[in-house]
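Colleague: Submitted below is the structure of interest, expressed as structure tokens.
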Amino acid sequence: MNHNEALDRITFLRNTLETHNYHYYTLSEPIISDFDFDKLMKELEKLEGEFPEFADPHSPTQRVGNDINQEFYQLEHKYPMLSLGNTYNEGELGDFDARVKKTLDEPFEYVCELKYDGTSINLTYENGRLKHAITRGDGTKGDDVTANVKTIRSIPLTLFGEGFPAFFEIRGEIIMPHSVFKKLNEEKIQHGEQPFANPRNAASGTLKIQNSSLVARRKLDCFLYYIVGEGLPTSSHFQNLEIARKWGFKVPSYLKRCSSIEDVYEFIKYWNVERKNLPFDIDGIVVKVDSLVQQRKLGFTSKTPRWAISYKFQAEQAETRLLSVDFQVGRTGAVTPVANLEPVQLAGTTVKRASLHNADQIVLLDVRLNDMVFVEKAGEIIPQIIGVNIANRNLNSQPLKFIEYCPECNTPLIRTQGEVAFYCPNDNGCPPQITGKIEHFISRAAMNINAGEATAELLYRNRLVNKVSDLYQLTKQQLLSLDRFAEKSAENLIKSIEESKQVPFPRVLFALGIRFVGETVAKKLAAHFKSIDSLIDASTEELIEAEEIGERIAQSIMAYFSDEKNRQILEDLRAAGIQLVVKENAESRISDKLTGLSIIISGNFERYSREEMKHLIELHGGRNISSISPKTDYLLAGDKIGPSKLDKARKLNIPIINENDFIKMIE
Ligand code: IVH
């Protein structure tokens with residue numbers, strides 16, 4: 001290939017590859033396969049290698065960046081980069097509309113756009129070629145990040161079509177899509193690095209990397225929203241953006257022309273909901289007067305245009321200072337770190353405290369006292385700390401240490417393998433665990449005793465209730481000795497405690513506050529075991545047989561019942577008359593023929609399944625138990641019964657009956 005042929009081919013390949021870049025990255029409508037694209041790119045790389053005299057910094061081969069560490073130089077913006085005034089509600093936006101109407105005093109239109117949440121960029125083009133990409137900086141000058149920006153494939157290095165001014169600037173927002181952000185943070189965590197707090201930080205952090213080949217790998221994107229210069233194609237902002245799209249710029253199609261402020265409100269209402277479905281972050285809406293002539297008439301204040309304004313959605317994330325960390329002990333003994341923050345406005349409320357979850361989270365975020373932290377309130381009621389602004393960190397700061405002793409009772413904390421939380425094991429002696437247990441016991445979903453957190457604390461502080469069963473020993477006189485109680489309120493509490501004796505067994509089981517035994521698990525356990533005694537007798541294997549009960553729950557139940565103090569509480573509750581058995585519906589009871597009898601079933605039966613047998617025992621007033629003990633009355637043996645069970649029954653002199661014997665008993 002001679003010189004001229006090479007130049008022709010190189011020019012052809014460059015144009016073709018840029019067109020494909022445009023279809024792929026800007027329009028998201030690729031017209032050739034990745035394979036064919038790579039083939040053309042390889043051919044161009046090869047030719048550029050063979051004919052270095054045709055090197056061009058705008059060649060698509062340059063988009064992969066290079067490894068040369070470069071410092072950024074500052075460049076002045078030809079036109080200052082102003083920011084926008086903010087509004088937060090319809091009233092403030094209405095004021096903006098009134099000011100525009102008053103100044104213009106003629107018909108006008110607005111263009112509504114999304115406010116992309118990234119970092120702003122100013123691109124200058126000379127004779128259709130990208131000259132500089134400059135960050136906003138202080139508004140008058142910023143960093144020259146051209147080498148990095150060239151790696152963003154949706155930014156045209158050479159423009160298509162015609163009609164563009166010889167020199168112009170176009171401004172936009174460099175963003176990191178959610179999918180890229182997620183992957184990047186996963187990689188960072190894997191490498192033990194600090195993840196980015198949000199896509200905005202990730203985008204601006206990436207743009208400042210002094211190695212463009214690393215930037216190229218991060219897959220940033222850029223949305224354009226404002227052309228500045230002389231000799232623009234039309235005097236409508238909206239139409240100019242449409243035309244810029246044809247030149248190759250990524251102008252998103254989310255913009256809308258609105259002829260009244262009411263239409264603007266509609267646009268805001270729509271995007272306030274729909275933004276959750278976008279593949280990138282936006283933090284508001286930008287409203288601009290469409291006509292450039294009218295824009296000029298409205299002019300600028302020293303900092304912001306009078307022809308545009310932003311409407312900010314209620315922030316779900318904010319940055320504030322971490323002042324201190326409290327360690328709270330919950331009902332189950334789990335220790336939760338809670339951050340005290342410099343108060344900050346977030347989604348309509350002032351936030352002063354936020355959860356730090358657990359020790360792992362503290363290590364992962366490497367959060368330190370006095371750090372500037374990011375707080376998020378995304379769906380959750382309790383705000384969370386989700387990241388640290390490392391750039392603002394005090395150099396002398398030290399990693400935050402998780403406590404080793406319970407802040408309430410000084411017991412050394414423990415951590416079970418495979419669990420994230422540290423626990424205080426002193427469950428019957430640690431004050432917040434005791435009051436927590438009492439509060440849980442009396443709560444509406446549990447025993448529904450008419451008292452709240454404050455009463456639970458008061459009773460505990462006055463040594464009247466140290467454990468849940470003490471509630472049933474309370475007297476009216478004792479209550480009257482406390483300041484908070486008067487004749488009527490004391491009577492009401494005693495009455496409510498009395499009524500709780502009718503609360504059905506599944507709720508009693510839930511009320512005990514056994515770790516991992518929530519409302520649903522309690523119901524399943526009660527349905528399977530029918531009484532507290534069968535549950536106490538059950539082995540881990542038998543527990544796991546019940547629906548939805550796994551190893552973790554089974555172990556927690558075993559641990560609870562093996563504690564002598566808990567057994568005593570249960571005996572006290574039994575003595576008080578609490579429901580510790582599932583009450584069979586009187587109508588469903590067929591007879592009392594088996595009342596008082598504990599029967600164990602094992603093996604297979606002809607007429608009934610094991611479940612049916614079990615049900616029959618209960619329908620006739622008996623108790624089906626799962627493990628053999630001297631208290632067992634009968635072993636109901638079917639086919640294929642295990643020899644060990646038979647042996648044990650014989651040793652304990654327990655009568656062994658078969659299916660027919662059983663049927664005769666209940667007939
Ligand atoms: S127009 C003179 N349009 O918001 C007007 N800005 O708070 C220039 N932004 O610095 C801005 N989306 O980084 C405009 N559709 C949009 C925007 C947008 C995001 C950012 C931009 C600017 C900041 C102003």
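Colleague: Tell me, please, whether a residue that is in a helix (DSSP H, G or I) and of a type in the set (Phe, Trp, Tyr) can be found in the range 56-73. Break it down into steps so the answer makes sense when it comes.
Modeller: Of the residues in the range 56-73, the ones in a helix (DSSP H, G or I) are 60-64.
Then keep just the ones that are of a type in the set (Phe, Trp, Tyr); that gives none.
No: zero hits.
Colleague: I would also like to ask the following. I'm trying to understand the selection: among the residues of the range 173-204, which are free of Cβ contacts under 8 Å to residues at least 60 places away in the same chain, within 16 Å of the ligand (Cβ to nearest atom) and over 21 Å from the mean Cα position of the chain (by Cα)?
Modeller: Residues of the range 173-204 free of Cβ contacts under 8 Å to residues at least 60 places away in the same chain: 173-174, 180-188, 190-193, 202.
With within 16 Å of the ligand (Cβ to nearest atom) added as a condition, the list becomes 173-174, 202.
Passing the criteria: GLU173, ILE174.
Colleague: Among the residues of the range 30-46, is any among the charged types (D, E, K, R) and in a loop (DSSP other than H, G, I, E, B)? Spell out the reasoning first.
Modeller: Of all residues in the range 30-46, those among the charged types (D, E, K, R) come to 34, 36, 38-39, 42-43, 45-46.
Checking which are in a loop (DSSP other than H, G, I, E, B) leaves us with none.
For the range 30-46, residues among the charged types (D, E, K, R) and in a loop (DSSP other than H, G, I, E, B): absent.
Colleague: Of the conditions (1) polar (S, T, N, Q); (2) over 31 Å from the mean Cα position of the chain (by Cα); (3) open to solvent by less than 20 Å² (accessible area, probe 1.4 Å), THR103 fails just one. Which one is it?
Modeller: Exception for THR103: condition (3).
Colleague: Might you check whether a residue that is away from the ligand (no atom under 16 Å from the Cβ) and part of a loop (DSSP other than H, G, I, E, B) occurs anywhere in the range 293-302? Give the steps one after another, and end with the answer.
Modeller: Pass one, the range 293-302, residues away from the ligand (no atom under 16 Å from the Cβ): 293.
Cutting the leftovers down to part of a loop (DSSP other than H, G, I, E, B) gives us none.
Looking for residues that are away from the ligand (no atom under 16 Å from the Cβ) and part of a loop (DSSP other than H, G, I, E, B), one finds none in the range 293-302, hence no.
Colleague: Still on this structure, please answer the following. Go over the candidates GLY161, GLY118, GLY139, GLY172 one by one and state the one that is open to solvent by less than 50 Å² (accessible area, probe 1.4 Å) and on the phi > 0 side of the Ramachandran plot. Before you say what the answer is, go through the steps one by one.
Modeller: Details: GLY161 fails: open to solvent by less than 50 Å² (accessible area, probe 1.4 Å); GLY118 fails: on the phi > 0 side of the Ramachandran plot; GLY172 fails: on the phi > 0 side of the Ramachandran plot.
Selected residue: GLY139, the only one of GLY161, GLY118, GLY139, GLY172 that is open to solvent by less than 50 Å² (accessible area, probe 1.4 Å) and on the phi > 0 side of the Ramachandran plot.
Condition check ((1) more than 7 Å from the ligand (Cβ to nearest atom); (2) at pLDDT 95 or above) across all residues:
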site	(1), (2)
LYS78	yes, no
LEU84	no, no
GLU90	yes, no
LYS101	yes, yes
GLU106	yes, yes
GLU109	yes, yes
GLU113	no, yes
LEU123	yes, yes
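Colleague: Being free of Cβ contacts under 8 Å to residues at least 60 places away in the same chain and part of a strand (DSSP E or B) is the filter; apply it to the range 600-628 and report the residue that is farthest from GLU541 (Cα to Cα).
Modeller: In the first step, residues of the range 600-628 are kept if they are free of Cβ contacts under 8 Å to residues at least 60 places away in the same chain; the result is 600-617, 619-622, 628.
Okay, now just the ones that are also part of a strand (DSSP E or B), so 600-602, 604.
On the way: ILE600: 16, ILE601: 16, SER602: 15, ASN604: 19 Å.
Among them, the one singled out is ASN604.
Residue-by-condition table, conditions (1) under 36 Å from the mean Cα position of the chain (by Cα); (2) surrounded by 17 or more Cβ atoms within 10 Å (Cβ to Cβ):
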{"residue": "GLU519", "(1), (2)": "yes, no"}
{"residue": "ILE549", "(1), (2)": "yes, yes"}
{"residue": "ARG574", "(1), (2)": "no, no"}
{"residue": "GLN579", "(1), (2)": "no, yes"}
{"residue": "ARG589", "(1), (2)": "no, no"}
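Colleague: Go through the range 429-459 and report how many residues are assigned to a helix (DSSP H, G or I) and of a type in the set (Lys, Arg).
Modeller: Kept after step one, since they are assigned to a helix (DSSP H, G or I), are these residues of the range 429-459: 431-442, 453-459.
Those still in the list that are of a type in the set (Lys, Arg) too: 437.
Counting residues in the range 429-459 that are assigned to a helix (DSSP H, G or I) and of a type in the set (Lys, Arg) gives 1.
Colleague: If I ask for residues that are assigned to a helix (DSSP H, G or I), among the charged types (D, E, K, R) and touching a residue at least 60 places away in the same chain (Cβ under 8 Å), which ones from the range 477-532 would you list?
Modeller: Looking only at the range 477-532, we keep the residues that are assigned to a helix (DSSP H, G or I), and these are 477-480, 487-502, 505-511, 519-529, 532.
When the remaining residues are screened for being among the charged types (D, E, K, R), the result is 487-488, 491, 495, 498-499, 501, 507, 519, 523-524.
LYS501, ARG507, GLU519 - these are the residues of the range 477-532 that are assigned to a helix (DSSP H, G or I), among the charged types (D, E, K, R) and touching a residue at least 60 places away in the same chain (Cβ under 8 Å).
Colleague: Sticking with this one: Could you name every one of the strands (runs of 3 or more DSSP E) located completely within the range 304-418 that has at least 3 residues being under 21 Å from the mean Cα position of the chain (by Cα)?
Modeller: Working: elements: 308-312, 317-329, 334-346, 349-355, 372-376, 384-388.
Ranges flagged: 317-329, 334-346, 349-355, 372-376, 384-388.
Colleague: Is there any pair linking a residue in the range 653-667 that is at pLDDT 90 or above to one that is among the β-branched types (Val, Ile, Thr) and surrounded by 14 or more Cβ atoms within 10 Å (Cβ to Cβ), with Cβ under 6 Å and at least six apart or on different chains, and which?
Modeller: From residues that are at pLDDT 90 or above, the pairs are ILE654/THR632.
Colleague: Test GLU376 against the criterion of being away from the ligand (no atom under 16 Å from the Cβ) and either among the small types (Gly, Ala, Ser) or open to solvent by less than 60 Å² (accessible area, probe 1.4 Å) (or both), and give yes or no. Steps first, please.
Modeller: Numbers: away from the ligand (no atom under 16 Å from the Cβ): yes; either among the small types (Gly, Ala, Ser) or open to solvent by less than 60 Å² (accessible area, probe 1.4 Å) (or both): yes.
Criteria met by GLU376.
Colleague: For the range 218-268, enumerate the residues that are open to solvent by 20 Å² or more (accessible area, probe 1.4 Å), away from the ligand (no atom under 15 Å from the Cβ) and either on the phi > 0 side of the Ramachandran plot or of a type in the set (Asp, Glu) (or both).
Modeller: LYS219, GLU230, GLY231, GLU262, ASP263, GLU266 - these are the residues of the range 218-268 that are open to solvent by 20 Å² or more (accessible area, probe 1.4 Å), away from the ligand (no atom under 15 Å from the Cβ) and either on the phi > 0 side of the Ramachandran plot or of a type in the set (Asp, Glu) (or both).
Colleague: What number of residues in the range 383-421 are in contact with a Ser or Thr (Cβ under 8 Å, 6 or more places away or on another chain) and open to solvent by less than 40 Å² (accessible area, probe 1.4 Å)? Working first, answer last.
Modeller: Taking the range 383-421 first, the residues in contact with a Ser or Thr (Cβ under 8 Å, 6 or more places away or on another chain) are 383-385, 405, 421.
Remaining after also requiring open to solvent by less than 40 Å² (accessible area, probe 1.4 Å): 383-385, 421.
Count: 4.
Colleague: If I ask for residues that are farther than 17 Å from GLU90 by Cβ and open to solvent by less than 60 Å² (accessible area, probe 1.4 Å), which ones from the range 275-293 would you list? Walk me through it before giving the result.
Modeller: We begin by selecting, within the range 275-293, every residue farther than 17 Å from GLU90 by Cβ; these are 275-283, 288-293.
Within the range 275-293, ARG275, LEU278, PHE280, ASP281, ILE282, ASP283, LYS288, VAL289, ASP290, SER291, LEU292 qualify.
Colleague: Take the range 460-476 and flag every residue that is part of a helix (DSSP H, G or I) and either in contact with a Gly (Cβ under 8 Å, 6 or more places away or on another chain) or open to solvent by less than 40 Å² (accessible area, probe 1.4 Å) (or both). Walk me through it before giving the result.
Modeller: Quick first cut of the range 460-476, residues part of a helix (DSSP H, G or I) only: 460-461, 468-473, 476.
Selection gives TYR460, VAL468, SER469, ASP470, LEU471, TYR472.
Colleague: Among the residues of the range 54-94, what is the count of those that are over 30 Å from PHE267 (Cα atoms) and small (Gly, Ala, Ser)?
Modeller: Qualifying residue count, the range 54-94: 3.
Colleague: Let me ask something else. If the requirement is being in contact with a helix residue (DSSP H, G or I) (Cβ under 8 Å, 6 or more places away or on another chain) and not aliphatic (A, V, I, L, M), which of these qualifies: ARG484, ARG444?
Modeller: On the way: ARG444 fails: in contact with a helix residue (DSSP H, G or I) (Cβ under 8 Å, 6 or more places away or on another chain).
Exactly one of ARG484, ARG444 is in contact with a helix residue (DSSP H, G or I) (Cβ under 8 Å, 6 or more places away or on another chain) and not aliphatic (A, V, I, L, M), namely ARG484.
Colleague: Can you tell me which of LEU594, LEU619 is open to solvent by less than 30 Å² (accessible area, probe 1.4 Å), touching a Gly at 6+ places or on another chain (Cβ under 9 Å) and not small (Gly, Ala, Ser)? First the steps, then the outcome.
Modeller: On the way: LEU619 fails: touching a Gly at 6+ places or on another chain (Cβ under 9 Å).
Answer to the selection: LEU594.
Colleague: Another question about this same structure. What do you reckon, is ARG153 basic (Lys, Arg), within 16 Å of the ligand (Cβ to nearest atom) and open to solvent by 30 Å² or more (accessible area, probe 1.4 Å)?
Modeller: Details: basic (Lys, Arg): yes; within 16 Å of the ligand (Cβ to nearest atom): no; open to solvent by 30 Å² or more (accessible area, probe 1.4 Å): yes.
Considered against the rule, which asks whether it is basic (Lys, Arg), within 16 Å of the ligand (Cβ to nearest atom) and open to solvent by 30 Å² or more (accessible area, probe 1.4 Å), ARG153 comes out as no.
The values are calculated or read from the model by the stated rules, or taken from the named source; none is laboratory data. The shown structure was predicted, so the numbers you read here are calculated from the model rather than taken from an experiment. For neighbour counting, all protein chains shown are included, and Cβ atoms are generated from backbone atoms with ideal geometry for every residue, glycine included. When the accessible area is computed, the model is the full protein with side chains, heavy atoms only, and any ligands, DNA or RNA have been set aside. Shrake-Rupley method; radii C 1.70, N 1.55, O 1.52, S 1.80 Å.
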